[in-house]
Amino acid sequence: MLVVYIASPLSQGGRELNIERQNEMANVLLNEGYVPFPPLLIGDMMERMQSRTWEEWIECCLAWVAKCDVVLRLEGFSHGADAEVKEAQRLNIPVVYNVDELRRIERA
């Protein structure tokens, strides 16, 4: 089973909407037989207990990118998601932009 890191915006376009969108994609991935890693959902829960800087979060996120098989980049402006994609590319981890591309990678 492929572990899929979901990279997407958090603050641009509405925090709650972005978290919900990532959670919905995580459920789609589960239904398709993938193991999703939705960092916004985890980060939001943790942030409610103790605030962290952007730098702390991105360092943590980049470490998780390295542990995943694929990065799925959802649309929308995001310095963090762009950094996650760049890290995946640096590590030769495939980056896809939709579930159809993810299916093609799995078949390859």
Self-check item: Residue within segment 47-68 that is in contact with a strand residue (DSSP E or B) (Cβ under 7 Å, 6 or more places away or on another chain), at pLDDT 95 or above and farther than 20 Å from ARG90 by Cα present
Solution: no
Quiz item: If you take the residues of segment 17-56 that are among the charged types (D, E, K, R) and in a helix (DSSP H, G or I), which of them is farthest from ILE105 (Cα to Cα)?
Solution: GLU47
Quiz item: From the list VAL95, VAL85, VAL35, VAL71, which residue is aliphatic (A, V, I, L, M), touching a Phe, Trp or Tyr at 6+ places or on another chain (Cβ under 9 Å) and farther than 15 Å from SER11 by Cα?
Solution: VAL71
Quiz item: Given (1) under 20 Å from LEU102 (Cβ atoms); (2) assigned to a helix (DSSP H, G or I); (3) free of Cβ contacts under 8 Å to residues at least 40 places away in the same chain; (4) in contact with a Leu (Cβ under 9 Å, 6 or more places away or on another chain), where does GLN89 come up short, assuming only one miss?
Solution: (4)
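The values are calculated or read from the model by the stated rules, or taken from the named source; none is laboratory data. Only a predicted model underlies this, so the values are computations on that prediction, with no experimental measurement involved. Neighbour counts are summed over all protein chains in view; Cβ atoms, including those assigned to glycine, are modelled from backbone coordinates with ideal geometry.
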